[in-house]
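Single-structure report; data block below.
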Amino acid sequence: MKAKKALLIVDLQNDFCPGGALAVPEGDKIVPIINKYIKIFTKNKWPIFASRDWHPRKTKHFKEFGGSWPVHCVQNTFGAAFHPKLKLTKDTILLYKGMDPKKDSYSAFAAEDLSKRPLPKILKRLGIKELYIGGLATDYCVKSTTLDALKARFKVKLLLDAIKGVNLKPDDSKKAIQQMLKKGAKKITLKTLGREKCL
């Protein structure tokens, strides 16, 4: 039977957590919650995806080469590794993005797996119609991924208890959430997930 739902964990990497090069305030606080979602999706045999920034050392994404951000998530560094307490299953499909030095690649829809298959192609092959999206950061990669998913006509459930934002301006995350909901994403938490008929 083809899968219809999938969990998409966005960029839960060391460099985006406290102590990292581009830390999201309290970014690590969502790890235990994401782990609970992983358990639920594993139990239901629904696919789990985890995207990661995987930048080359020289990229226009970084300040020193004309971009907006400090050096972070450079390929094969500790900063690019997933948070150590994130309990990904052996079947988790890993997605890599940001390898092109000429592009920012915020969205997981710009990512590919180790076989270089783009995410949209994998989702189509698995028959997935609905994505449950959480991770870091609300106002950048989560927002870009969610908007791209909606544009590609996927149903999207935004995991409100499993996202955190950078908030360069104090209300950036709030605005990002409003934008995602306005475009068609539905909000959900672990509490409300339990009320879904399919679980």
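Please treat every number below as a calculation from the coordinates, not as lab data. These numbers come from a predicted model, not from an experiment. As a convention, Cβ positions derive from the backbone with ideal geometry for all residues, glycine included, and neighbour counts pool all protein chains shown.
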Would you mind telling me which numbered condition in (1) closer than 25 Å to Leu147 by Cβ; (2) assigned to a loop (DSSP other than H, G, I, E, B) Phe49 fails?
(2)
Yes or no: the range 32-45 includes at least one residue that is in contact with a His (Cβ under 8 Å, 6 or more places away or on another chain), crowded, with 19+ Cβ neighbours inside 10 Å and hydrophobic (A, V, I, L, M, F, W, C).
no
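So is Arg153 in a helix (DSSP H, G or I) and either out of contact with any strand residue (DSSP E or B) (no Cβ under 7 Å at 6 or more places or on another chain) or of a type in the set (Gly, Ala, Ser) (or both) or not?
no
Inside the range 162-194, can you point out the residues that are surrounded by fewer than 19 Cβ atoms within 10 Å (Cβ to Cβ) and in a strand (DSSP E or B)?
Residues satisfying the conditions are Lys186, Lys187.
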Can you work out which of the residues in the range 58-69 that are surrounded by 12 or more Cβ atoms within 10 Å (Cβ to Cβ) and part of a loop (DSSP other than H, G, I, E, B) is nearest to the chain's Cα centre (by Cα)?
His61
Does at least one position in the range 94-103 carry a residue that is over 14 Å from the mean Cα position of the chain (by Cα) and crowded, with 18+ Cβ neighbours inside 10 Å?
no
Go through the range 1-23 and give me each residue that's touching a strand residue (DSSP E or B) at 6+ places or on another chain (Cβ under 9 Å) and either among the charged types (D, E, K, R) or within 26 Å of Pro120 (Cβ to Cβ) (or both).
Lys4, Lys5, Ala6, Leu7, Leu8, Ile9, Val10, Asp11, Leu12, Gln13, Asp15, Phe16
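Of the residues that make up the range 22-31, is at least one assigned to a loop (DSSP other than H, G, I, E, B) and under 23 Å from Thr192 (Cβ atoms)?
Yes; the residues of the range 22-31 include at least one that is assigned to a loop (DSSP other than H, G, I, E, B) and under 23 Å from Thr192 (Cβ atoms).
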